[in-house]
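Okay, structure first, notes after.
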Amino acid sequence: MDKQPKITPDWIRGAKARGEKIAALTAYDYPTARLLDEAGVPLILVGDSVGMVVLGYPDTTQVTLAEMRHHVLAVARAKPQALVVADLPYHTYETVQDAVDHARVLTEAGAEAIKLEGGVEVVPEIKALRRAGVPVMGHIGMLPQHVREEGGYKMKGKSDPEKERLLQDARAIEQAGAFALVVELVEPEFAREITAAVNIPTIGIGSGDHCAGKIMVTHDLVGAFPWFRPKFALAKADVGSIIRKAAEDYVRQVKQTAN
Ligand code: KIV
């Protein structure tokens, strides 16, 4: 397999103009990062979804910066050609200084760009990160770090005020200097409008097929967290069943082995 060139934030930003759809996935460990890279995934997100699908938290709100650093270090050791983006966890970017200091912890661990959740309200943090030389990916729509205030994972972009706000957020994030924008759980037709309203690529999750790319939690793609799989997940494998069966066979074989 030909090794693809090192992917940069500029490469991701330019993908939309080139008409090249971005297929992004999450990784939290070295082997997954290597496998995704070998598969040609251009953007690997060390998402704070690690809290749910690896660490056993009920949502992403309890993930700490130390935990994110640990997983970024593991992914970075794979030295992927893919761009490594890391989430700033909840409550770590409430001031401009916090955003810059905490992003530095993740970039020193190997993250090549940072993602943070929010719209107009995080513009000062995005601008400060850009001034500090940190590439930024935005995240609008349903914001998992706010799931408790929101009372669940609800679709966005249904009402006119919500649509107006999402468009303002998308434009503000682009103007603040982000190179791409995750659009989570937004009505597909409206996600298409957001995509048309900005030049940077929108990367959708649960937002239909009309964004400039898609992102998925790899555990959802491969069935490695079988107790919950979102309805929109493209289910390509059933790793949970494979592990369970291998372990059952192993238990049976060990029990049957004569002393
Ligand atoms: O944490 C994460 O994995 C994410 C993606 C699902 C967009 O934010």
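Sorted largest first, the principal axis extents computed over the alpha-carbon atoms of segment 9-216 equal 44, 36, 34 Å.
For the pair segment 69-119 and segment 220-241, the centres of their Cα atoms are 26 angstrom apart. Using the structure shown, list the pairs from Lys6/Lys214; Lys127/Lys231; Lys154/Lys245; Lys115/Lys245; Lys158/Lys214; Lys127/Lys154 with a Cα-Cα distance above 25 Å, or answer none. Too far apart for the 25 Å limit: Lys127/Lys231; Lys154/Lys245; Lys115/Lys245; Lys127/Lys154. What share of the DSSP beta bridges in segment 102-259 is antiparallel, in percent to the nearest 5? Here the antiparallel bridges make up roughly 5 percent for segment 102-259.
When the Cα positions of Pro5, His91, Ala258 are compared along the charge dipole of the chain, Ala258 comes out farthest toward the positive end, with charges on each C-beta of Lys, Arg, Asp and Glu.
Across all directions, the shadow cast by the convex hull of segment 121-203 built on its C-alpha atoms averages 5.3 square nanometres. Roughly what % of DSSP beta bridges within segment 9-216 run antiparallel, to the nearest 5? Percent antiparallel among DSSP bridges in segment 9-216 is about 5. Within the chain, the whole DSSP H helices whose Cα atoms reach 15 Å or more along their own axis and whose mean Kyte-Doolittle score is at least -0.5 are 65-76, 96-108, 239-256. For segment 203-259, the alpha carbon convex hull comes to 67 Å³ per residue, rounded to a whole number.
Laboratory data are not the source of any read-out in this text; all were calculated from the coordinates shown. The model shown is predicted, which means the values in this text are computed figures rather than measured ones. When we count neighbours, we look across all protein chains shown, and the Cβ atoms used for this are built from the backbone with ideal geometry, even at glycine.
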